[in-house]
Amino acid sequence: MITANIRISTPNKATSRSLVASVQPDNLNMKGLKVKGKPLDHSASFTLEFGGKIETFIFTLDDLLRCLQAAKETLEKVSN
């Protein structure tokens, strides 16, 4: 089992909730992958677990990070 933990700082819990919700639809259909997001007061925490090849895990992690970056940038522009 391969595991990664990611924590992204946010200005408040509402933004954390939105960030977690923004990647939920992508988490449903990959066999052997579990992505759990948790909104915190000033950050969003994500845990990934995967029971497959490391290469696939790296590509998946990269994709998640790109999605989170895009969502965070969008949320920052909307909230300003």
Looking at the range 18-34 only, could you name the residues that are modelled with pLDDT of 70 or more and either under 12 Å from residue 49 (Cβ atoms) or in contact with an Asp or Glu (Cβ under 6 Å, 6 or more places away or on another chain) (or both)?
30, 32, 33, 34
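Yes/no matrix, rows are residues, columns are (1) touching a helix residue (DSSP H, G or I) at 6+ places or on another chain (Cβ under 9 Å); (2) at pLDDT 90 or above; (3) under 25 Å from residue 12 (Cα atoms):
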{"position": "57", "(1), (2), (3)": "no, yes, no"}
{"position": "66", "(1), (2), (3)": "no, yes, yes"}
{"position": "69", "(1), (2), (3)": "no, yes, yes"}
{"position": "76", "(1), (2), (3)": "yes, no, yes"}
Kindly indicate which of 73, 49, 55 is in contact with a Leu (Cβ under 9 Å, 6 or more places away or on another chain) and among the acidic types (Asp, Glu).
49
Test result for residue 45, within 27 Å of residue 79 (Cβ to Cβ), open to solvent by 40 Å² or more (accessible area, probe 1.4 Å) and polar (S, T, N, Q):
no
Selection from the range 2-21 of residues open to solvent by less than 70 Å² (accessible area, probe 1.4 Å), not in a strand (DSSP E or B) and not hydroxyl-bearing (Ser, Thr, Tyr) yields 12, 14, 19, 20, 21
Run down 60, 47 and say which single residue is hydroxyl-bearing (Ser, Thr, Tyr) and in contact with a Phe, Trp or Tyr (Cβ under 9 Å, 6 or more places away or on another chain).
60
Please enumerate the residues belonging to the range 53-62 that are without any contact (Cβ under 8 Å) to a residue 40 or more places away in the chain and either part of a loop (DSSP other than H, G, I, E, B) or open to solvent by less than 80 Å² (accessible area, probe 1.4 Å) (or both).
53, 56, 60, 62
Could you list all residues from the range 66-80 that are in contact (Cβ under 8 Å) with a residue 60 or more places away in the chain and among the small types (Gly, Ala, Ser)?
79
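The values are calculated or read from the model by the stated rules, or taken from the named source; none is laboratory data. The structure presented is a predicted model; accordingly, all values stated were derived computationally and were not measured. All Cβ positions, even for glycine, are placed from backbone atoms using ideal geometry, and neighbour counts span all protein chains on display. The accessibility values were calculated without ligands, DNA or RNA, using every heavy atom of the protein model including side chains. Shrake-Rupley method; radii C 1.70, N 1.55, O 1.52, S 1.80 Å.
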